[in-house]
Amino acid sequence: MDLHPPLTPVFLTQREVADLLRVPVRTVEDWRLTRSGPPWVKLGRHVRYEQAELLAWVKEHRHG
């Protein structure tokens, strides 16, 4: 018996990512266009960021 059900990934919009990181939406867009930001997926016309991958990306860019 599995006591821990599988977690459903949480996907964030560009606006939600910008709000979470306290940066302008344009910065998140620039990161995506230059492929210098967190990993993203395109679902139809929509760009989404998996929350776990975003937090891992932030950890990788931590200084100090």
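The values are calculated or read from the model by the stated rules, or taken from the named source; none is laboratory data. These numbers were taken from a predicted model, which means no experiment stands behind them. FYI the Cβ positions are ideal-geometry reconstructions off the backbone, even for glycines, and counts take in every protein chain you see.
Numbers for the structure displayed
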| quantity | calculated |
| --- | --- |
| Restricting region 35-64 to residues that are part of a loop (DSSP other than H, G, I, E, B) and basic (Lys, Arg), the residue that is nearest to residue 8 (Cα to Cα) | 45 |
| Answer from 26, 15, 32 - the residue that is among the charged types (D, E, K, R), at pLDDT 95 or above, surrounded by 12 or more Cβ atoms within 10 Å (Cβ to Cβ) and outside any loop (DSSP other than H, G, I, E, B) | 32 |
